[in-house]
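Asks: Below: one structure in C-alpha cells.
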Amino acid sequence: MAQPQIALSALGKLRCNFAGTVLQPSDPEYDSVRALHNGLIDKHPSVIARCRSDSDIGASIAFAREHGLEIAVRGGGHNVSGRASVEGGMMIDLSLMKAISVNATARRAVAEGGVTWGEFNRATQQHGLATTGGVISTTGIAGLTLGGGYGYLAGKHGLATDNLVAATVVTAERKTVRASVSENPDLYWALRGGGGNFGVVSSLEYRLHPVGPTIMAGAIAWPISQAREVLRLYREFTESAGDELTCLGGVGHAPDGSGFKVAIIGAAYFGAMTDGERILRPIKESGSPLFDTIQPTSYCDLNGMFDIAYPKDMLNYWKSNFLASLDDNVINMIVDMGEDCPSKYSGIFLEHWHGAAARVAQDHTAFHHRREGHNLLILSQWEDAAAKEENIAWARQGFARLKPFSAGARYVNYLDQDDAADLAGPFGGNYARLAKVKARWDPENVFHLNQNIQPANA
Ligand SMILES: Cc1cc2nc3c(=O)[nH]c(=O)nc-3n(C[C@H](O)[C@H](O)[C@H](O)COP(=O)(O)OP(=O)(O)OC[C@H]3O[C@@H](n4cnc5c(N)ncnc54)[C@H](O)[C@@H]3O)c2cc1C
C-alpha cells in the first residue's frame, strides 16, 4: 500500500507529549530498532513510535490514523511472518515497555507488552512461581500469549492464554480498556487466541503457579542414524505422559552450529524430582546419545537452553500443522526430510500438546484447537541470503508431503507470510464469533497487519 508523506511539523507535535521516542529513517538507531528476529524481513516503517505508556500508544494510533499510515504492532518482534513491522507505515514498538510486578501472595504477575519470557521468568522465579511461556527466552510474552502460547508448562497449566486473567488494551478509538472475565468479557474471550486484532495490549496479567526452584529437565540427542527409533520413543513417551511431563521431539542439527545431524528429545517434568528421574530414565538409557543435559535444573536455565540455536537475524521460513496422528509413515517422512535438510540450522520438530491445554472447551477461549496431539513445525533457518530459494523450497516440499496427515488445524503463531489466506486453520469454528468481536472493537480494521480477522460488518 502506498503510504503518504509526513510533515516534520506533524512529527514534532507527536513528540511533544510523548514519553518514549519517535524515530524516522534518518535517526541513527532506526535500523537496529526496525530489525525483527527474522532476518528475512526487511521493512522500513516511515515512523517507529517507541511507546512507554498507554498515552503514547493512544497518541501513536491517533497520529497513524490521521496521516493514513498502516499500523504494525511489535511486542517481542519474534513472529516469523514479520507482521510486527510495515513498509512505509507506523510501527508501534512496545519493546521499551518492560515493567513487571509480581504479587506472590495472590500468585499474579502484571507485565507490560514489551517483556520477553526470559525477563518474565526471572521476575516470577524469584518467588518460586511461573506460568506457561515460550520455550525460547527471547520471545515476547504479548504476541505469544495472544496467539495461544505453548510451552513446557502447557500440560500442567494450559497455554499461556489460559493463564491470562486480564489485559489492558488501547483500542482503535484510543480508549484504554480492561478485559477480564468481568470487564468487557467479549474482548477478553477474543484476546485469548485471536492475536493482535483487537487493539494494542499494553499489559497482561497472568495467573502464576509454584514451579521449581529445581526441576528435572533438559535435552538429549542421538545421531540421525537412530532417528526412527528416537521418534518412536518420543511417541511412546507422549502416549503415556501425565500432565507433569511435556516433551518435544524432532530431527535437526546439534545446537552448537557444528552441522552434526541429530534426533533430539527435550523434556521437562514438573513434579517430585524422584518421580522425574524415574520417568525420564528410559529416555536417558535409550541408544547411544551424543549428549544428555536432562538433569536437575532451574526453570530459567531450561528457558534459555535452546536460545543459542535461534539467534536474531538468522533467515527464517516456517511451515506447521497439527497432526491427525504420528504414525510410522509420518516419522519416516520427518527423518527423510531431516536427512535432506539444506541448512545446518534447520529442523523438523514435534510439540506434544496435551493435558490442561487440551482439556479446555474449543469455544471457551478464541484459541480453537484443543485436541491432544502433536504440532509439527518445519523450521527452516539459514544464514546465507543466496540460499533463500533452496531453504524455502525444502520447507514447502516437506509441508506438502506431510499435509495428508494434518488434523486440519494450524497454530496461528507459527504461520508465515504466505499463510494468510488459510485462516480457517487457526481460528476454526471460532472465526464467526471473532469477526463479531472485531466489528465491535475495530470496525474499520485499523489493526490489520496480523493474521487478520475481518470485522463481521465489513
Ligand atoms: C525462536 C522462536 C521460538 C518460539 N517459540 C515458541 C514457543 O515455544 N511457543 C509458542 O507458542 N510460540 C513460539 N514462537 C512463536 C511465537 O509465539 C510468535 O512468534 C509470537 O507472535 C511472538 O510474539 P512476539 O511478541 O515476540 O512477536 P511480535 O512479532 O512482536 O508480534 C507478533 C504479532 O502479535 C501481535 N502483537 C504483539 N504484541 C502485541 C501487543 N502488545 N498488542 C497487540 N498485538 C500484539 C501483532 O499482531 C504482531 O504482529 C517462537 C518464535 C520464535 C521465532
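The values are calculated or read from the model by the stated rules, or taken from the named source; none is laboratory data. Source: prediction; values computed, not measured. No Cβ is skipped: glycine too gets one built from the backbone with ideal geometry, and neighbour counts run over all protein chains shown. The accessibility values were calculated without ligands, DNA or RNA, using every heavy atom of the protein model including side chains. Shrake-Rupley method; radii C 1.70, N 1.55, O 1.52, S 1.80 Å.
Asks: I'd like the residue in the stretch 93-128 that is touching a Gly at 6+ places or on another chain (Cβ under 9 Å) and assigned to a strand (DSSP E or B) and, out of all such residues, is least open to solvent (accessible area, probe 1.4 Å).
Replies: ASP93
Asks: Scanning for something crowded, with 17+ Cβ neighbours inside 10 Å, within 25 Å of ASN430 (Cβ to Cβ) and among the basic types (Lys, Arg), does the stretch 354-374 turn up at least one residue?
Replies: Yes.
Asks: Say we look at the stretch 2-43 and pick out the residues that are hydrophobic (A, V, I, L, M, F, W, C) and within 27 Å of the chain's Cα centre (by Cα); which of these is farthest from MET97 (Cα to Cα)?
Replies: Step by step, filter the stretch 2-43, then rank; the result is LEU40.
Asks: Quick one: which of VAL262, VAL230 is part of a helix (DSSP H, G or I) and among the aliphatic types (A, V, I, L, M)?
Replies: Exactly one of VAL262, VAL230 is part of a helix (DSSP H, G or I) and among the aliphatic types (A, V, I, L, M), namely VAL230.
Asks: Which count do you get for residues in the stretch 129-149 that are within 12 Å of the ligand (Cβ to nearest atom) and either open to solvent by less than 10 Å² (accessible area, probe 1.4 Å) or in a helix (DSSP H, G or I) (or both)?
Replies: The number of residues fulfilling the criteria is 13.
Asks: Answer yes or no as to whether GLY408 is closer than 16 Å to ARG192 by Cα and away from the ligand (no atom under 16 Å from the Cβ).
Replies: For GLY408, the condition - closer than 16 Å to ARG192 by Cα and away from the ligand (no atom under 16 Å from the Cβ) - is not met.
Asks: Take the residues of the stretch 245-263 that are over 12 Å from PRO223 (Cα atoms) and of a type in the set (A, V, I, L, M): which is farthest from the chain's Cα centre (by Cα)?
Replies: Out of the qualifying residues, it is LEU245.
Asks: Conditions first: (1) more than 9 Å from the ligand (Cβ to nearest atom); (2) open to solvent by less than 40 Å² (accessible area, probe 1.4 Å); (3) in contact (Cβ under 8 Å) with a residue 24 or more places away in the chain. THR176 passes all but one, so which condition is the exception?
Replies: Unmet condition: (2).
Asks: Taking only pairs six or more apart or across chains, which ones have beta-carbon atoms under 6 Å, a first residue in the stretch 104-128 that is farther than 19 Å from GLY196 by Cβ and in contact (Cβ under 8 Å) with a residue 24 or more places away in the chain, and a second residue that is of a type outside the set (Gly, Ala, Ser) and open to solvent by 50 Å² or more (accessible area, probe 1.4 Å)?
Replies: Going by the 6 Å Cβ cut-off, the qualifying pairs are ALA104/HIS127; GLY128/PRO210; GLY128/PRO213.
Asks: Any residue at all in the stretch 40-47 that's under 19 Å from VAL201 (Cβ atoms), out of contact with any Ser or Thr (no Cβ under 8 Å at 6 or more places or on another chain) and either surrounded by 24 or more Cβ atoms within 10 Å (Cβ to Cβ) or at pLDDT 95 or above (or both)?
Replies: no
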